[in-house]
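The structure appears below as structure tokens.
The values are calculated or read from the model by the stated rules, or taken from the named source; none is laboratory data. Since this is a predicted model, take the numbers as computed values, not measurements. Counting neighbours? That spans all protein chains shown, and the Cβs are built from the backbone with ideal geometry, glycine included. Surface accessibility is based on the protein's heavy atoms, side chains included, excluding ligands, DNA and RNA. Shrake-Rupley method; radii C 1.70, N 1.55, O 1.52, S 1.80 Å.
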Amino acid sequence: MAVTTRLTWNTESFQKLLGNVSLRLPYKSSVHGNFIAEMQNRCRCQGSTITVIYHSDNIFGIFMLGHSSEMSKSFIEPNISFFFSLQKDETMEMKSVFLNSTNNKCLSLNFSKRCIDIPRFLKEKLRAKSDSDFPYLECEVFRVEGIKEETGYINRISRATQHRNSLLADVRAYSPYADLVSEIRILLLGPVGSGKSSFFNSVKSIFQGHLTRQAIVGSDVTSITEQYRIYSIKDGKNGQSLPFMLCDSMGLDENEGVDLCVDDIPHILKGCVPDRYKFSPHKPITPKHPTFITSPSLKDRIHCVAFVFDINSMDNLSSKMMVKFKQIQKEVINCGVAQVALLTKVKNCNEVLQDNFLKMNKAMISRSQIQNANRRLGIPLSRILVVENYASEREMDPLKDILILSAPKQMFRAADDFFFFFFADDFLEDLPLV
């Protein structure tokens, strides 16, 4: 009879975090008994293992690299250990602690009382809320198959989770320059199928804690997005709105009359176009339109434009498309709006685990691809961002999240340049803030 794990809601994420490994379940306390001897018999010399302990509000885990000759209830072994905790109904924030053989104060299980004893330093690191022992519901031990048997590997895993959590905190804590607005607006512009709507879905998924498809995504040669959408993103299901909005637009096409009308761009940038306005490729919005915003405030304006391109199609952009891009870019510059390039559909994003996260671009893709985008688009290298959006996946991938979260962080910096530029030039004196 097959033994079924309780870790159904995050099994795939664990596997991807550890490098696309396989997990096998030799021990489950409710099936094999709450006895240390039984756990030892089933898990001895199994190679690298993950012990997962289920609490009503948290999931605690211990990853141990290499063979464990005598797995004990205190998880004290002369090898590398990686402790983590997860909270359900949140954005998959994994709190982690990296330990080595010098540590002698570790998490332990009391099988007779069915509770977990967590030392104070681990409680603080893992952000465990209770001051007493934690009663547990279930204990499972997984054998990890296909993992790299390297002592430095587990350290990189720990740094990956810590970096993702740091990026989440940075995005949540962002405050626009001089508090001029409560939320910045980032406009996504790019060719049909470049990944504009997918980027919004990806960012929202991270903060919802599960994959979502609010914005319709298509692969047709004509744009799926026909309305101008201003999307706010909440931190969690019932959380507060994050300090930025993503504005999705109709896709660009090299042919006239089938895509976003270039004459709509200045009105969008200046905040004159309302949410859910339906674009007409042949007729731009005018002040006579009943929903036209005649006196937009600073908060209605676009503060940063992200030009979205498929990184694999940069060399295939036609001369007509480049002419249209340069025309739009000129309007953006004339309005003083900051700009970045967002290159999507990057392959092998898992390679980010192998390098310093501050130098992701070099680890992810060849330098020539970034330089090619810089040369063709005229956007500084520091403002060229790379992501791999969620597309057909069913589960979240913590390593993808690192790149996705890095993008808005850089966009915030660009938007702050916009505010500083106009603030320094006394532009704001004649512009309503609200």
Problem - Two-site label geometry, residue 331 and residue 395: point separation in nm, points 7 Å out along Cα→Cβ - result: 4.4
Completion exercise
For residue 145 and residue 322, extending 7 Å from Cα along the Cα-Cβ vector and measuring point to point gives, in nm, a value of 5.1
Completion exercise
If R0 = 22 Å, then residue 127 and residue 240, at their Cβ-Cβ distance, give a FRET efficiency to the nearest 0.05 of 0.65
Fill in the blank from the handout: With all protein chains in place and a 1.4 Å probe, residue 163 shows an accessible area in Å² (nearest 10) of 40
Fill in the blank from the handout: 1/(1 + (r/R0)^6) with r = Cβ-Cβ of residue 283 and residue 30, R0 = 60 Å, i.e. FRET efficiency to nearest 0.05, evaluates to 0.35
Fill in the blank from the handout: Scoring only Lys, Arg, Asp and Glu (+1, +1, -1, -1) among other residues with Cβ under 11 Å from the Cβ of residue 229 yields 0
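Below 15 angstrom from the Cβ of residue 383, what's the summed charge of the other residues (Lys, Arg +1; Asp, Glu -1)? Let's see the in-between values first.
Numbers: positive: 375, 376, 409, 413; negative: 416, 417.
Net charge in that neighbourhood comes out at +2.
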Fill in the blank from the handout: Once residue 294 and residue 120 are pulled to full extension, the length gained, defined as 0.36 nm per residue separation minus their Cα-Cα distance, is 56.8 nm
Practice task
Measure off 7 Å from each Cα along the Cα-to-Cβ vector at residue 270 and residue 113, then give the distance between these two points in nanometres to one decimal.
Solution key: 7.1
Practice task
For residue 313 and residue 166, calculate 0.36 nm times their separation in residues minus their Cα-Cα distance, and state this gained length in nm to one decimal.
Solution key: 49.7 nm
Problem - For residue 416, solvent-accessible area (1.4 Å; no DNA, RNA or ligand), Å² - result: 40
Practice task
Leaving ligands, DNA and RNA out of it, work out the accessible area of residue 286 with a 1.4 Å probe and give it in Å² to the nearest 10.
Solution key: 60
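Need one number: the % of Cα-Cα pairs in segment 155-429 sitting beyond the 31 Å mark. Write out the running numbers ahead of the final one.
Values: 8539 of 37675 pairs.
In whole percent, the long-distance tail amounts to 23.
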Fill in the blank from the handout: Taking a ≥ b ≥ c as the square roots of the Cα gyration tensor eigenvalues, with a/c under 1.5 meaning rounded and otherwise prolate when a/b beats b/c or oblate if not, segment 177-278 comes out oblate
Handout entry: DSSP bridge pairs, segment 155-429: antiparallel proportion in percent, nearest 5
Key = 25
